[in-house]
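Below is one structure, written out as structure tokens; the observations come after it.
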Amino acid sequence: MTTLSTVYARSGTVPYTVSLSDDLDHAWLGDEPPDTGGANRGPDPTRLLLSSLGACTVITLQMYAARKQWPLAGVEVELQFNPAGKPKSGTDITRRIVLQGELDDAQRARLLQIANACPIHNVLVGEVRIDSSLAG
């Protein structure tokens with residue numbers, strides 16, 4: 001069974017500051033830094049995208065290790081968007097994963113495979129269709 005995820009984005013009086021909320025009553029902000037006219041009250045859209053991949057990576061690895069009863073003590077993920085500058089085509093994301101705990105080489109290799117199969121990773125490397133329309 002899949003869960004329908006809904007996020008709402010609303011602008012207010014502060015230029016580029018976006019109030020974000022979801023169907024589970026979470027609330028957060030998106031914004032732009034001052035050098036682009038924003039108020040820097042939240043991460044910019046690129047950082048929000050990277051945070052989705054980072055959170056998904058950590059959660060997926062924790063869940064997998066727990067099911068296998070592996071000694072994964074913690075996960076740290078560093079993500080960068082186009083670290084060498086904008087490529088001629090596409091987008092480059094680097095993801096550096098630090099696995100903490102007494103894991104052997106086979107477990108570490110398997111966890112890297114699992115990271116590359118987390119749901120948000122699959123969305124980003126797969127085909128995405130966006131159906132946009134104007135409401136009301």
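Quick notes
- Percent RCO, i.e. relative contact order, over the chain, from Cα pairs under 8 Å lying at least 6 residues apart: 15
- Among the trypsin sites (Lys or Arg not before Pro) found in the stretch 36-136, those both in a DSSP coil and sparsely packed, with 11 or fewer other Cβ atoms within 10 Å of their Cβ, are LYS88, ARG129.
- Farthest toward positive dipole pole in the chain [+1 Lys/Arg, -1 Asp/Glu at C-beta], among ALA27, TYR8, GLY74: GLY74
- Nearest-ten-degree value, helix 45-68 long axis tilted from longest Cα axis of the chain: 30
- Note on the stretch 1-42: Kirkwood radius taken over Cα pairs, Stokes-Einstein applied at 4 °C and 1.567 mPa s, translational D equal to 115 µm² s⁻¹.
- Charges were assigned to the Cβ only: +1 to each Lys and Arg, -1 to each Asp and Glu. The resulting dipole of the chain about its Cα centre is roughly 280 debye.
- Cα pair distances exceeding 23 angstrom across the chain, given as percent: 49
The numbers here are math on the coordinates, done by the rules we state, and not lab data. For clarity, every value in this text was computed on a predicted model and none was experimentally measured. Cβ: placed from backbone, ideal geometry, glycine included. Neighbour counts: every protein chain shown.
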